[in-house]
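The values are calculated or read from the model by the stated rules, or taken from the named source; none is laboratory data. Keep in mind that this is a model prediction, so the values were computed, not measured. Glycine also receives a Cβ, built like all others from the backbone with ideal geometry; neighbour counts cover every protein chain displayed. Note: areas computed on protein heavy atoms with side chains; ligands, DNA, RNA excluded. Shrake-Rupley method; radii C 1.70, N 1.55, O 1.52, S 1.80 Å.
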Amino acid sequence: MLQRLFQLVPVLLGISGITFALMHLTHGDPAEIMLRADGIKPTYEAIEATRHTLGLDGPVYMQYFHWLYRVLHLDLGISYSSNRPVFTELMNRFPATALLSSCSILAAILIALPVGVGSALYPGKWFDRLGRVCALFSVSMPGYWLSLLLIYYGSVKLRLFPVMGMDGLSSVILPAFTLGFGMAGVYIRLIRSSLLDVLGTLYIKAARARGLQEWRIITIHALRNALLPSLTLFGVNIAGLLGGSVIVETIFSWPGIGKYVIEAIFAKDYIVIQGYVLWMAVVVVLINLAVDSLQLILDPRIRLR
């Protein structure tokens, strides 16, 4: 585990270097953008003074090391458009994104697990065909279209949920279902195929020959191994959700990280985008490390490979 942690250092350094280089290759002067955001006419003198204040008048490699030094102290810079610390802005929006991510994952599990297990237990039957249709709708239905349908019927017609914004637990149901349903289709097919493979193995046949109850065989012996492939995909989805769901958060006006980033993109607030990419890299790396550790616990055979 300690070796894996040290291996993450060059990965994060590489991502930070690529991100920093890409931000400097994009069109637009940050000093000019900041001046325009403050309502100040971007004269040559004002631009030079702002560049000096931001530390943008030195060599690029010095700017990178200066930026990296500040990042190590949890300082991702000051937003050009809002003049607020980027790290503080991300932290302020993280609880909303974390709540939406948790509810979306719960929705995906509640849909995918029973449907996937039922499809594997009754292959070729009506339940399996129903699960196939459900998975097809899940992967082929665009998230923005499902969002609009849910808003129209759930909020406008039936008036059961708020149209947008974060106002109590009822406001999280529609965006969480949108994200959860979009993820569930892949898990339904993955759980079905993995469970079918596990149910055909020798140790499951031996368990049945010993007279163990069927529910015990499925829940304790088969499902544990069948969920291992889903666990890897689960880690990828969690990392993506914690980075903010740009489309869904924008449609539902959810005050999360995704909405913050899309506003920064339209405002050409490069320092926010730069900080967000680094934030995403750290989240993805840590989630993958946690998933690898969990797989080692669930399947000790991995340690021997």
Seminar exercise, completed: If each K or R counts +1 and each D or E counts -1, the residues other than Ile151 whose Cβ falls under 15 Å of its Cβ total 0
Exercise. Just the accessible area per residue of region 10-59, please: how many Å² with a 1.4 Å probe?
Worked result: 63
For this session: Determine ³J(HN,Hα), in whole Hz, for all residues of region 169-184 in sequence, where each value follows from phi through the Karplus function 6.51 cos²θ - 1.76 cosθ + 1.60 and θ = phi - 60°; x replaces Gly and Pro.
Result: 5, 5, 6, 8, 5, 5, x, 5, 5, 4, 5, x, 5, x, 7, 5
Problem set entry | Percent accessible area from carbon and sulfur atoms, region 64-174, protein chains only, probe 1.4 Å | 71
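Ranked highest first by average number of other Cβ atoms within 10 Å, how do 195-206, 217-228 line up?
Most protected by this proxy first, the peptides run 217-228, 195-206.
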For this session: In Å and from the alpha-carbon atoms only, list the Rg and Dmax of region 209-305.
Result: 19.6, 66
Exercise. So what is the relative contact order of region 1-146, in percent, for Cα pairs below 8 Å that sit 6 or more residues apart?
Worked result: 11
Exercise. Considering only protein heavy atoms, what is the solvent-accessible area of Arg192 at a probe of 1.4 Å, reported in Å² to the nearest 10?
Worked result: 40
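Can you compute the helix-only [θ] at 222 nm over the chain? Use -39500 (n - 2.57) per DSSP H run of at least 4 residues, normalise by all residues, nearest 500 deg cm²/dmol.
That comes out to -23500 deg cm²/dmol.
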Problem set entry | In order through region 254-261: 3J(HN,Hα) via Karplus (6.51 cos²θ - 1.76 cosθ + 1.60), integer Hz, x for Gly, Pro | 7, x, x, 5, x, 5, 4, 5
Exercise. In whole angstrom, how far apart do the alpha carbon centroids of region 59-76 and region 110-156 sit?
Worked result: 46
Exercise. Within the accessible area of region 204-248, what % is carbon and sulfur when the probe is 1.4 Å and the other protein chains stay in place?
Worked result: 65
Problem set entry | Rounded to 10°, Cα long-axis angle of helix 2-25 versus longest principal axis of the chain | 50
Exercise. Per-residue HN-Hα couplings for region 122-130, Karplus 6.51 cos²θ - 1.76 cosθ + 1.60 at θ = phi - 60°, whole Hz, x for Gly and Pro?
Worked result: 10, x, x, 7, 5, 5, 5, 5, 5
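Using a 1.4 angstrom probe, figure out how much accessible area region 146-196 has per residue, in square angstrom, rounded to the nearest whole.
49
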For this session: Could you work out the relative contact order of region 108-187, using alpha carbon pairs under 8 angstrom and six or more residues apart, expressed as a whole percent?
Result: 43
For this session: Please work out the average accessible area per residue across region 219-266, using the 1.4 Å probe convention, and give it in Å².
Result: 39
For this session: Name the most mobile residue of Trp67, Trp126, Trp254, meaning the one with the largest mean-square fluctuation, in a Gaussian network model of the chain with Cα contacts below 10 Å.
Result: Trp126
